[in-house]
Amino acid sequence: MKKVLLAIGNTEFSKILKNHIDRHSNSFLLCDQEVMHHRYLEEMIEVNEPNIIIVHDYYLPTDVNTTEEREYEWLNFALELRKKYEDTIRLVFLCERDKRDPFLHNLISNNVLDIINDNSIDIEGLIEQLKDIPRFSRVSKFVHNSKQALYEDISETVEAEEVEDTSSTPVPTQKEEQRKESTHKKRDRPVVQKVVEKKVVNKQVVKRDVSINLQQQVNKVVGVPVEKKIVLIGSPFKRSGCTFISHLLARELAKMNVSSTYIESPYEAPYTYDRFFGHEFTKNYKSKFYQYIKTLDIGEELDFDWTHDDIQMVALNPTDEPTYSKDSLPFEVFMKVLMSTSSTVTIVDVGNQWENEVFQDIYDIASNVYIVMEPDISNIQMLQDPNSSFQTFCNKIMKDKKTKVIGNRFEEGLMKNDLINEVFVNKLLTYLEVFPSKEVFDCQMDGGFLNDHPKYQEGIHRSLKPILNELLPQEFIKKLSKQKGLLRGIFNKSITISKD
C-alpha cells in the first residue's frame, strides 16, 4: 500500500485525481490532508510520511514571483527531497512545457523520473505507472545535451551561495545570460490542464474530465462563504433569448453584490459589445480570447478588461476582432479565459452552439446548465422526437441532474400545461414573461438592463429567484433579505418634528 500526498493547489483538479485514486484503494491510500501552498510542502511531508507526492508545476501557489525563481524553487525542493529521503519518496511532477525545456532535464538530474508533461492526462495510465517502479525510459525524451541546461547543478549553486561574498556585485555568467534570454521569451500565461478519461462502449468514446484553475474555490459575500459556479446558458434554437436571460442573470447577481462574469460565445457574431456601448467605456479594447490566442506586438497598448454595471464582460469587439472557429480558438484557449476570471459566478452564453465540441467539453466542468425554450410546439416536437438527429447533445444533457429548463416568453398558464409538463418533467425551473417591445428597445437605446427598470425589476427578480436559489447558499440569501428589510424599515420610518 502506497501513501499518496497531493500538492496540486487546485480543488477541482485534486477532486478528479482523488476520485480515480480511490478506485485503486488496494494499491494506494490518500493522505487526509492536501498541500495548498509550496511553503507547506516540507511540513506536510514530515507529518504525513507519504511514499508518493504528486505536485503541479503551475497550480500550486508560491511566494516567488518570476518563472526563474519558481523553477529554482522546484529544483531545490527535488534536490533536498533526494538528500533527505533518498529514494523512499517518489516525486510526480505534472506540467505543460516544451519537451526540450532544459528545466525538465534538470529535474531528471535530481532523480525525478515521473514527469507528466502534457495538457491532456490519462489518469488511469498515470495510476498504472505509479503501480510500477520509476523508470528512466519514461523521461528519456526530455534529456538533452547538458550544455543546453538553463542552470548549473543545484548542489553546486547551493555551495557557491554559502561561500559568496554578499557585499560584492555578482557578475552574470554566460549560462545566466542564456537563462535570462530564455526566460524573457517565455510568456507567463495560465496553463490549461485537460484530463482525459477513456471509456469504451461498443465504439471508442472519449469523455473528458477537466480541471479549471480557480484560485479560490469559495468567496465570502456578506460574510457567507459562496462556492464558485460556472453556468452555461443556451438553447437548441436561434433567437430564443439565452443572451437576454444571461445578461439579466449577471446583472441580478451584481445587484446582490455577487461578483459575476459574462462570457459571450466567440463562435457567433458579436452582440454584447454594441448592446452596452462598449466603445464609450473602453479604449483599444479586445476580448480576452484575443489576448490568449494572438502573439501581441511589443509596445501594443490594448485593453482586455471591460466592466459594465459591476459585471466583468468578455465579448468580442465587432470592429477589430473576427468571429472565431473552434480550430482557431480551441478548448485550451477558452479554458485560459475561464481561468482568468476571479468572479464568484461565471456565465457562459452558449447561444445555440451545443454541438460545438468546445462547449461540450466545458459542460463537463459546469456546475449549472440552463436550456432556454420558447413555447413553440414545432421546436418542442423536434427536440423530443427520438428518431430525430437534431441537437443530440441537448437531448443527452436534458437527462442530467444539473440541467434545467428556463421558459422564455412564457405565461403562468403554460407552467400548468399538460404537454409542457410531460415534455419537461421536473426540468422546467422558472420562466420569464413577454415584455413590451418598446420597453425592451428603450432599454437597449440606453445601454442598460431591463431589471434596472423600476417597472420590471421586482418581477424579473421573482422569475430569476429559482435560479439564484440554485447558485447561492440559502444562508446568504436570507442574510441579504434581512439587510434589505432593515434598510427598508429605516427609510420607511415616519419622522415627526414638534416645536417646543
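Does residue 72 satisfy the condition of being in contact with a Pro (Cβ under 8 Å, 6 or more places away or on another chain), among the aromatic types (Phe, Trp, Tyr), touching a residue at least 24 places away in the same chain (Cβ under 8 Å) and surrounded by 15 or more Cβ atoms within 10 Å (Cβ to Cβ)? Step through it out loud before you land on a result.
Working: in contact with a Pro (Cβ under 8 Å, 6 or more places away or on another chain): no; among the aromatic types (Phe, Trp, Tyr): yes; touching a residue at least 24 places away in the same chain (Cβ under 8 Å): yes; surrounded by 15 or more Cβ atoms within 10 Å (Cβ to Cβ): yes.
No: the conditions fail for residue 72.
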- Identity of the residue in region 1-28, of a type in the set (Val, Ile, Thr) and modelled with pLDDT under 90, that ends up farthest from the chain's Cα centre (by Cα): 16
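Yes/no matrix, rows are residues, columns are (1) in contact with a Leu (Cβ under 8 Å, 6 or more places away or on another chain); (2) among the hydrophobic types (A, V, I, L, M, F, W, C):
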{"position": "359", "(1), (2)": "yes, yes"}
{"position": "372", "(1), (2)": "no, yes"}
{"position": "379", "(1), (2)": "no, no"}
{"position": "394", "(1), (2)": "yes, yes"}
{"position": "406", "(1), (2)": "yes, yes"}
{"position": "411", "(1), (2)": "no, no"}
{"position": "414", "(1), (2)": "no, yes"}
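For region 55-80, give me the residue count where each residue is among the aromatic types (Phe, Trp, Tyr) and over 15 Å from residue 108 (Cβ atoms).
Selection size over region 55-80: 3.
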- Query: Hey, does region 307-316 have a residue that's surrounded by fewer than 20 Cβ atoms within 10 Å (Cβ to Cβ) and within 25 Å of residue 363 (Cβ to Cβ)?
  - Reply: no
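Specify which of the listed residues (103, 93) is of a type outside the set (A, V, I, L, M), crowded, with 19+ Cβ neighbours inside 10 Å and not in a strand (DSSP E or B). Even if it seems obvious, please write down each step before you answer.
Numbers: 93 fails: not in a strand (DSSP E or B).
Result of the check over 103, 93: 103.
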- For residues that are over 30 Å from the mean Cα position of the chain (by Cα) and exposed (fewer than 10 other Cβ atoms within 10 Å of the Cβ), scanning just region 388-433, find the one that is nearest to residue 280 (Cα to Cα). 412
- Query: If residue 450 passes every condition in (1) surrounded by fewer than 16 Cβ atoms within 10 Å (Cβ to Cβ); (2) modelled with pLDDT of 90 or more but one, which one does it miss?
  - Reply: (1)
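Counting only residues that are in contact with a His (Cβ under 8 Å, 6 or more places away or on another chain), give me the helices (runs of 4 or more DSSP H) lying completely in region 255-347 with at least 2 of them.
On the way: elements: 272-275, 278-281, 288-293, 331-340.
So the answer is 272-275, 278-281.
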- Message: Restricting to region 76-96, name every residue that is in contact with a helix residue (DSSP H, G or I) (Cβ under 9 Å, 6 or more places away or on another chain) and among the hydroxyl-bearing types (Ser, Thr, Tyr).
- Response: 85
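Yes/no matrix, rows are residues, columns are (1) in contact with a Phe, Trp or Tyr (Cβ under 8 Å, 6 or more places away or on another chain); (2) assigned to a helix (DSSP H, G or I); (3) of a type outside the set (Gly, Ala, Ser); (4) at negative phi:
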site: 63; (1), (2), (3), (4): no, no, yes, yes
site: 75; (1), (2), (3), (4): yes, yes, yes, yes
site: 81; (1), (2), (3), (4): no, yes, yes, yes
site: 88; (1), (2), (3), (4): no, no, yes, yes
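Going through 448, 459 one at a time, which residue ends up being in contact (Cβ under 8 Å) with a residue 40 or more places away in the chain and among the small types (Gly, Ala, Ser)? Give the derivation first.
Working: 459 fails: in contact (Cβ under 8 Å) with a residue 40 or more places away in the chain.
Of 448, 459, the one residue that is in contact (Cβ under 8 Å) with a residue 40 or more places away in the chain and among the small types (Gly, Ala, Ser) is 448.
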- Message: Looking at the structure I just gave you, is residue 3 part of a helix (DSSP H, G or I), within 23 Å of residue 131 (Cα to Cα) and of a type in the set (D, E, K, R)?
- Response: no
- Task: Find all pairs meeting these conditions: Cβ atoms under 7 angstrom apart; at least six residues apart or on different chains; first residue within region 249-265 and touching a residue at least 40 places away in the same chain (Cβ under 8 Å) and more than 19 Å from residue 288 (Cβ to Cβ); second residue outside any strand (DSSP E or B) and of a type in the set (Ser, Thr, Tyr).
- Result: 258/344
- Out of 238, 228, which single residue is basic (Lys, Arg), touching a residue at least 40 places away in the same chain (Cβ under 8 Å) and surrounded by 21 or more Cβ atoms within 10 Å (Cβ to Cβ)? 228
- Using the structure shown, decide if residue 394 is closer than 22 Å to residue 254 by Cα and either of a type outside the set (Phe, Trp, Tyr) or at pLDDT 90 or above (or both). no
- Can you spot a residue in region 9-20 that is in the same structural domain as residue 87 (by TED's automatic domain parsing), surrounded by 15 or more Cβ atoms within 10 Å (Cβ to Cβ), part of a loop (DSSP other than H, G, I, E, B) and in contact (Cβ under 8 Å) with a residue 60 or more places away in the chain? yes
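I'd like to verify a number: residues in region 320-360 that are within 12 Å of the chain's Cα centre (by Cα) and over 19 Å from residue 262 (Cβ atoms), how many? Show your work before the answer.
Taking region 320-360 and keeping what is within 12 Å of the chain's Cα centre (by Cα), we get 331-348.
Narrowing the set further to residues that are over 19 Å from residue 262 (Cβ atoms) leaves 331-332.
The qualifying residues number 2.
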- From the option list 245, 293, single residue qualifying as in contact (Cβ under 8 Å) with a residue 60 or more places away in the chain and among the β-branched types (Val, Ile, Thr) is 245
- Query: What number of residues within region 112-122 satisfy the criterion of being modelled with pLDDT of 85 or more and touching an Asp or Glu at 6+ places or on another chain (Cβ under 7 Å)?
  - Reply: 1
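The values are calculated or read from the model by the stated rules, or taken from the named source; none is laboratory data. Not measured: the values here are computed from a predicted model. Note that each Cβ is placed from the backbone with ideal geometry, even for glycine, and that neighbours are counted across all protein chains shown.
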